[in-house]
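Undergrad: I have a structure here, written as structure tokens, and I will follow up with some questions on it.
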Amino acid sequence: MRIDVTEGQVQVNKQVLGMKERGQVPDKDPWPVAPEVRKMGVKGPSFKPQMEGVKRTLRVTNPLARECLGELMGTFVLLMFGCSASAQVKTSRETKGQYLSANMAFSVGVMSAMYLCKGVSGAHLNPAVTLSFCSLGRVPWVKLLPYTLCQVLGAYLASGLVFLVYYDAIMDFSGRNLTVYGANETASIFATYPAAHLSLSSSILDQVVATAMLMLCILPLDDQKNSPAPDALIPPIVAVVVLGIGMSMSSNCGGAINPARDLGPRLLTLTAGWGTEVFTCYNYWFWVPMMAPLLGGMLGSGMYLVFIAWHLPDLPTNRPIDSSSTKPTTEVWKQPPAPEKEGVELKTAVF
């Protein structure tokens, strides 16, 4: 079987056949076939040359733009899992999932999003994480605003798609009355809202503590002075940390711990029919999941520096530390301390 797709390809194939009849061998196959396809005995053109042209056309060359696209797609995947699970649990009246289902879905979303974009942008997925990394000197401050905007945009787009997928179920559950209050409220599918008994100070404390715990648990994972996890295992470990926070610290405020995770979906509900009530309800409570996680992330990062990082031994200068090594960290204390270099400590100590 021979597959000729275009007239140009037919002409090239005829030229090759003519060369072979004259005893000439072309320099290379103008339409190479993948080895797997060749083994099946199928002859025909490959679209690799065309795809290479498309790749060159669409490839983003600006490093910051590539990283922003990674953050957008990563946050999109995170919210697709999380908000879809929330919609399924809510609209089925917990007959097709429970509260734990949403927590687990968000955790799977974190893991999937990190594997998706970690190699491109570092997979922050959270403005609180980006702000903390900027404070620690791990990320330039110039990236804070672009990362944050793309994270919010990714969350908004994912929430919009979830709304379309579950539109009929949401309308049936709510009686076509999209509201924030009442037994048939559906705004909590997307954004987070406080429990009825919760005071403002308690809700702020809730978000500060939960986000501080997040940073305190993820910062050691790639700290070469500590006991770092293998790079490929960091996403599932972070997912388990998020799952633990969701199972233990989310009943008060919904466990946002991520300004983008809350603001993006809240903007979607504003534009999709819930109206300004999503911002004015509970005495304009919306700013708590936007601002408190930023403070909590900084607090958790500072706690890690003061109580852990500044007390770890210096890395030896004559050998790299293997993150997959099982050698106890205490053995590093036997090594002579590395000479301090001007500016090195400032990079990790800026807060």
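The values are calculated or read from the model by the stated rules, or taken from the named source; none is laboratory data. Computed from a predicted structure; not experimentally measured. Cβ coordinates were reconstructed from backbone atoms using ideal geometry, including for glycine residues, and neighbour counts include every protein chain displayed. Heavy atoms of the whole protein, side chains included, go into the accessibility calculation; ligands, DNA and RNA do not. Shrake-Rupley method; radii C 1.70, N 1.55, O 1.52, S 1.80 Å.
Undergrad: Once amide H atoms are built 1.01 Å from N in the peptide plane, which residues 5 or more positions from A256, or in another chain, come under 5 Å H to H?
TA: none
Undergrad: For a quick check of your reading of the filter: which GluC sites (Glu not before Pro) in the stretch 52-120 sit in a DSSP loop and have no more than 13 other Cβ atoms within 10 Å?
TA: Here the sparse-neighbourhood loop sites are E94.
Undergrad: Residue by residue through the stretch 105-114, what is 3J(HN,Hα) from phi via Karplus (6.51 cos²θ - 1.76 cosθ + 1.60, θ = phi - 60°)? Round to whole Hz and write x for glycine and proline.
TA: Each residue's phi maps through the Karplus curve to give 5, 4, 5, 4, x, 4, 4, 5, 5, 5 Hz.
Undergrad: Quick one: grab Rg to one decimal and Dmax as a whole number for the stretch 52-176, Cα atoms only, in Å.
TA: 16.9, 51
Undergrad: Could you list the square roots of 5 times each eigenvalue of the Cα gyration tensor of the stretch 159-200, that is, the equivalent ellipsoid semi-axes, sorted largest first and rounded to whole Å? Write out the running numbers ahead of the final one.
TA: Values: eigenvalues 96, 33, 6 Å².
For the stretch 159-200, the semi-axes come out at 22, 13, 6 Å.
Undergrad: For M51 and T276, what is the calculated FRET efficiency with R₀ set at 41 Å and r taken between the beta-carbons, to the nearest 0.05? If you can, show how the numbers build up before the last one.
TA: Numbers: r = 47 Å, r/R0 = 1.14.
That pair, M51 with T276, gives E of 0.30.
Undergrad: Using only the alpha carbons of the stretch 177-303, determine the length spanned along each of the three principal axes and report them from longest to shortest in whole angstroms.
TA: On the principal axes, the stretch 177-303 reaches 53, 29, 21 Å in Cα extent.
Undergrad: Right, next: Take the solvent-accessible surface of the protein heavy atoms, probe 1.4 Å, and return the percent of it on the stretch 161-288 that carbon and sulfur atoms account for. Working shown, then result.
TA: Working: 3400 of 5410 Å².
Percent of accessible area from carbon and sulfur atoms in the stretch 161-288: 63.
Undergrad: Using just the alpha carbons, could you tell me how many Å³ per residue the convex hull of the stretch 112-242 encloses?
TA: Details: hull volume 19.5 nm³, N = 131.
With only Cα atoms used, the stretch 112-242 gives 149 Å³ per residue.
Undergrad: List the chymotrypsin sites (Phe, Trp or Tyr not before Pro) within the stretch 268-311 that fall in a DSSP loop (any state other than H, G, I, E or B) and whose Cβ has at most 12 other Cβ atoms within 10 Å.
TA: Values: sites: W274, F279, Y282, Y284, W285, F286, W287, Y304, F307, W310; in loops: none.
Answer in residue order: no site qualifies.
Undergrad: Quick one: if you stick a label point 7 Å off each Cα along the C-beta vector at A65 and Q224, how many nm between them?
TA: 3.2 nm
Undergrad: In square nanometres, what is one fourth of the surface area of the convex hull spanned by the alpha carbons of the stretch 189-235? Don't skip to the end; give the middle numbers.
TA: Details: hull surface 20.4 nm².
Over every viewing direction, the Cα hull of the stretch 189-235 projects on average to 5.1 nm².
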